[in-house]
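> Before I ask anything, here is the structure I am working with.
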């Protein structure tokens, strides 16, 4: 299956470089490009796309707002944020808006290609520990968990699923969670899948964000 990719960045030279890298891959095709978020939304109305590589700092409509509008559609393409700075507040906002992960713009080509394939297959491409560091830094921007009731969705989870969710949010991989809970990795993967389904989340990144927002995990990564 060919992964249909859209490039959204206001720098033409950068889009050209990414397009050359992707064009050399037998399983990828750049089907659209846009110079800002507004143009991206317009193009997506008439073009089928699987993965959007989205810059965050653009004129007219930035990547955060565009990501939120794209991800509001349940059948939307996956969004992979490209940022210049690690632990960027824009990347934080984009994760909250529904992005499946973020990459630095100077990432080696091999890592970028692997990230696109991972996002397309439904995985989050940000290492959970990186997401956790990002959220730890910007946790003060989150609403105070104590100021609102615990979301009813969390009550849909079994005790084991809540346990797994906390460990996902603390940055553990499936293998690490399996070792911690003395389960098989396949069983952990099943639990994660059920958590995503029950809570209506797209991927592990969204699990981490929700765990912080609801106070299930506090800044510093502790449940």
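The values are calculated or read from the model by the stated rules, or taken from the named source; none is laboratory data. Everything numeric in this text was worked out from a predicted model, so none of it was measured. Because the Cβ atoms are built from the backbone with ideal geometry, glycine has one as well, and the counts that use them run over all protein chains shown.
> Quick one: residue 211 ticks every box in (1) modelled with pLDDT of 80 or more; (2) out of contact with any helix residue (DSSP H, G or I) (no Cβ under 6 Å at 6 or more places or on another chain); (3) surrounded by 14 or more Cβ atoms within 10 Å (Cβ to Cβ) except a single one, so which number is it?
For residue 211, the failing item is (2).
> Could I ask something else about it? Tell me, yes or no, whether segment 156-172 has at least one residue that is buried (at least 17 other Cβ atoms within 10 Å of the Cβ), touching a strand residue (DSSP E or B) at 6+ places or on another chain (Cβ under 6 Å) and modelled with pLDDT of 80 or more.
For segment 156-172, residues buried (at least 17 other Cβ atoms within 10 Å of the Cβ), touching a strand residue (DSSP E or B) at 6+ places or on another chain (Cβ under 6 Å) and modelled with pLDDT of 80 or more: absent.
> Scan segment 9-19 and give yes if some residue there is touching a helix residue (DSSP H, G or I) at 6+ places or on another chain (Cβ under 9 Å), in a helix (DSSP H, G or I), within 18 Å of residue 78 (Cβ to Cβ) and modelled with pLDDT under 95, otherwise no.
Yes.
> Separate question: Among (1) buried (at least 17 other Cβ atoms within 10 Å of the Cβ); (2) part of a loop (DSSP other than H, G, I, E, B); (3) at pLDDT 90 or above, there is one condition residue 25 misses while meeting the rest; what is its number?
Here residue 25 meets the rest and fails (1).
> Which numbered condition trips up residue 176, out of (1) under 23 Å from residue 78 (Cα atoms); (2) surrounded by 13 or more Cβ atoms within 10 Å (Cβ to Cβ); (3) at pLDDT 75 or above?
Status for residue 176: all satisfied but (1).
> Give all pairs with beta carbons closer than 8 Å in which a residue from segment 166-188 that is within 11 Å of residue 211 (Cβ to Cβ) meets a residue that is modelled with pLDDT of 90 or more; count only pairs at least 6 apart in sequence or on separate chains.
167/177; 167/180; 167/181; 168/177; 168/192; 168/195
> Related question: Identify all residues within segment 28-42 that are surrounded by 16 or more Cβ atoms within 10 Å (Cβ to Cβ) and either more than 19 Å from residue 84 (Cα to Cα) or in contact (Cβ under 8 Å) with a residue 40 or more places away in the chain (or both); write none if there are none.
Result: 28, 30, 31, 32, 33, 38, 39, 40, 41.
> Name the pairs: first residue in segment 1-25 and free of Cβ contacts under 8 Å to residues at least 24 places away in the same chain, second residue part of a strand (DSSP E or B) and loosely packed, with under 13 Cβ neighbours inside 10 Å, Cβ to Cβ under 7 Å, at least 6 apart or on different chains?
Going by the 7 Å Cβ cut-off, there are no qualifying pairs.
> What number of residues within segment 54-96 are part of a helix (DSSP H, G or I), buried (at least 20 other Cβ atoms within 10 Å of the Cβ) and at pLDDT 85 or above?
The total comes to 6.
> Condition first: touching a residue at least 40 places away in the same chain (Cβ under 8 Å) and more than 19 Å from residue 16 (Cβ to Cβ). Now tell me which residues in segment 60-78 satisfy that.
The answer is 66, 71, 77, 78.
> Would you check which residues across segment 191-203 are loosely packed, with under 15 Cβ neighbours inside 10 Å and assigned to a helix (DSSP H, G or I) and list them?
Of everything in segment 191-203, those that are loosely packed, with under 15 Cβ neighbours inside 10 Å and assigned to a helix (DSSP H, G or I) turn out to be 193, 197.
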